[in-house]
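Here's the structure, in structure tokens; my notes come after.
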Amino acid sequence: MALAAYGAPLERDAYVMRVGTDEATILWKTAAASTGAARVTSDGWLTYTEVASTPDAELHEVRFTGLNADQEYDYAVVSDGVIEAEGPEYHFRTNPPVGSRDPVRMWVVGDSGTGGSAQARVRDAMLESTGRDGPDLFLHVGDMAYSSGYELEFTDKFFAPYARILRNVPIWPAMGNHEGRDADSATETGGYYDAYALPKDGEIGGEPSGAEAYYSFDYGNVHVIVLDSYETDRDPVLGAMAQWLHADLLAASLRPTPPEWIIASFHHPPYTDGSHDSEVETRHIDMRMDFLPILEAGGVDLVLGGHSHIYERSYLLHDETQRYSDTSGVLDFGDGHPGGDGPYVKQIDGLGNPIGSIYVVAGHGGTGVSGNGQHPVMAYSEVDHGSVIVDTHANRLDLHNINDLGVITDRATLIKGPGIVVVAPNGGESLAPLQSVDITWASTPGVSAEVDLAYSCDNGQTWTPIADAVPNNGTYSWQVPEIVSADVRVRVADTGDGALSDESNARFEVSALSRTTVVPYQAVWWYSDDNT
């Protein structure tokens, strides 16, 4: 909680939402009714724009428009004339231009809102694992404020635990059943709807839905669709949500530059064998039988869910909507790991349409985990706390699960057309000058027999060749140069077509200093203050 001498103190720290290419919304909550405003600048506070919020209110929401795409902005919050939130952590970056193929990183969390130690471990494990390459977007698939989504539960169990992240990473939520106990989607009232500013008018791309319960938005070449699987009418023909979904997907496909990636997020997953059973529970069946055909026809690539308190990740699937035990829709029974059986490749059906989607259940964000984890369409299941990172870059989508100890336990990649995927070093490694390291990668059919290797010391701004025209066999022994940098990446590119390339998803470091772990991450330790 930020305190000031005379202004109303913040009960919820400032957070950013509804960030687009030219706009952003800043929200906060004061402990008492106050008159507030927010300030935004991009020039170190030489000049700034201030917009007032509703006077004499506790919940404050300020929208800024006319911003520049892909630009960093600092902001501050004022309460009764006193600055309550400012400093280096209060900033956001506007979205890149729609269609940009630059890397995008998303953090996916579900069923986290206990306010307990497991939720904190999951959060900290993600922050430790990603380091300076944290997420651009925060996708929450529901149940973020147990047990009923009341205003105070949101404050204590969502906004407080994630305050550091929410200051600069926009949250894009899907309503869970626990939020639905207090919230009402028809009237858009309750703790969930009070807490969030959602783009029901199509402000951030996509077709206007007219409802905050379901919406879509664009980020670069990614189109994200959020549905309400709990309360909104799920009729596939007459229901407003299904009709809007048809229209949104059609409009996206008819753009001059259609999105390369379509991601759907909602609370009740179509397939799960965790704490809930998708074979027998109505909402899971409705989403599988009635909404997956719409999503699949629209070319969905990744479907995210929660509710079931487990981590599950499917094989590559299509038209797997009929029965729990039927695996006839599995297109690829491999593990999807570029360092294992190889990445999944989006397939083309007889009509020339791209098919194949990955399904993730991320209901392991903080509440108790349980379940069998034996669903036949799942390539990997884990009954442990954690969260998921999704990376997209050009024609590649990569996801990995980080458990609450910071261990990456699962990884899968989906590629559209010919592509290359760097396996290692892929971010977070600590290497030494002159050390011998294997650069490893995977490639799909259509990539040349030779590739070019390069490294960058400035996070991909410039590249230095390692070797050209080496055999495309997936490995190369690299002697790390005599450099010192924390911003190193490697790149593997098709010798015949340099546009077919991939680079490390995150930065790694090269340093002559050896790193010694004195206290292991998340260890329990004691110390004495009596000089013994």
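For the stretch 134-274, what is the relative contact order in percent, using Cα pairs closer than 8 Å and at least 6 residues apart in sequence? Don't skip to the answer; put the middle values down first.
Numbers: 249 pairs, mean separation 30.5, N = 141.
Once normalised by length, the contact order is 22 percent.
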Taking the Cα centre of the chain as origin, work out the dipole magnitude from +1 charges on Lys and Arg Cβ and -1 charges on Asp and Glu Cβ, in debye rounded to 20.
560 debye
I need the shape label for the stretch 271-426. Rule: rounded when a/c is under 1.5, else prolate if a/b > b/c, else oblate, with a, b, c from the alpha carbon gyration tensor.
oblate
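Based solely on its DSSP helices, what 222 nm [θ] is calculated for the chain when runs of n ≥ 4 H residues each add -39,500 (n - 2.57) and the sum is averaged over all residues, nearest 500 deg cm²/dmol?
Working: 7 runs with 52 residues, N = 532.
So the helix-based figure for the chain works out to -2500 deg cm²/dmol.
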Averaging sequence separations of C-alpha pairs under 8 Å and six or more residues apart, then dividing by the length of the chain, give the relative contact order as a whole percent.
11 percent
Principal axes of the stretch 228-331: Cα extent on each, largest first, Å
42, 30, 22
Taking 2.2 N^0.38 Å as the expected size of a compact globular protein, what ratio does the Cα radius of gyration of the chain give against it, to two decimals?
0.97
How far, in nm, would the chain grow between Leu152 and Leu238 when pulled straight, counting 0.36 nm per residue and subtracting the alpha carbon separation?
27.3 nm
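Per 0.36 nm of contour for each residue apart, how much would the distance between Val51 and Ala32 grow if the chain were fully extended, relative to their Cα-Cα spacing? Could the numbers behind the result be given before it?
Working: separation 19, 0.36 × 19 = 6.84 nm, distance 1.99 nm.
Stretched out fully, the Val51 to Ala32 stretch lengthens by 4.9 nm.
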Magnitude of the charge dipole, the stretch 195-322, Cβ model with Lys/Arg +1 and Asp/Glu -1, debye to 20
240 debye
With just the Cα atoms defining each centre, how far is the stretch 1-76 from the stretch 247-301? Give it in Å.
34 Å
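Is the stretch 149-213 rounded, prolate or oblate when judged by the Cα gyration tensor, a ≥ b ≥ c being the square roots of its eigenvalues, rounded requiring a/c under 1.5 and prolate requiring a/b larger than b/c?
Values: a/c = 2.68, a/b = 1.21, b/c = 2.22.
Verdict is oblate for the stretch 149-213.
Quick one: net charge of Ala69's neighbours, Cβ under 11 Å, K/R +1, D/E -1? List each step's numbers first, then the result.
Details: positive: Arg93; negative: Asp22, Glu23, Asp70.
Residues close to Ala69 contribute a combined charge of -2.
Based only on Cα atoms, what mean projected area does the convex hull of the stretch 1-138 have, in nm²? Walk me through the numbers before you get to the answer.
Working: hull surface 38.7 nm².
Taking the Cα atoms of the stretch 1-138, their convex hull projects to 9.7 nm² on average.
Ignoring ligands, DNA and RNA, please state the percent of accessible area on the stretch 176-301 from carbon and sulfur, probe 1.4 Å. It would help to have the intermediate numbers written out before the result.
On the way: 2070 of 4100 Å².
The computed percentage sits at 51.
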Given DSSP loops and a limit of at most 16 other Cβ atoms within 10 Å, what is the longest stretch of the chain that contains no such chymotrypsin sites (Phe, Trp or Tyr not before Pro)?
49-332
With the cut-off at 1.5 for a/c, could you classify the stretch 138-263 from its C-alpha gyration tensor as rounded, prolate or oblate?
oblate
For the stretch 412-441 versus the stretch 102-135, the gap between their alpha-carbon centres in whole angstrom:
22 Å
Using 0.36 nm per residue, how much length does the chain from Met289 to Ile83 gain when fully extended, once their Cα-Cα distance is taken away?
69.0 nm
Note down the nm distance, to one decimal, between modelled labels 7 Å out along Cα→Cβ at Asp277 and at Glu72.
5.3 nm
So what is the accessible area of the chain per residue, in Å², with the probe set to 1.4 Å?
39 Å²
For Cα pairs less than 8 Å apart in space and 6+ apart in sequence, what is the mean separation divided by the residue count of the stretch 244-381, i.e. the relative contact order in percent?
30 percent
At a 1.4 Å probe radius, carbon and sulfur cover how many percent of the accessible area of the stretch 377-514?
50 percent
Of the accessible area of the stretch 44-162, with the probe set at 1.4 angstrom, what percent is carbon plus sulfur?
48 percent
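The values are calculated or read from the model by the stated rules, or taken from the named source; none is laboratory data. From a predicted model like this one, the values you see are computed outputs, not experimental measurements. Every residue, glycine as well, gets a Cβ built from its backbone with ideal geometry; the counts of neighbours run over all protein chains shown. All accessible areas refer to the heavy atoms of the entire protein, side chains included, with ligands and DNA or RNA removed. Shrake-Rupley method; radii C 1.70, N 1.55, O 1.52, S 1.80 Å.
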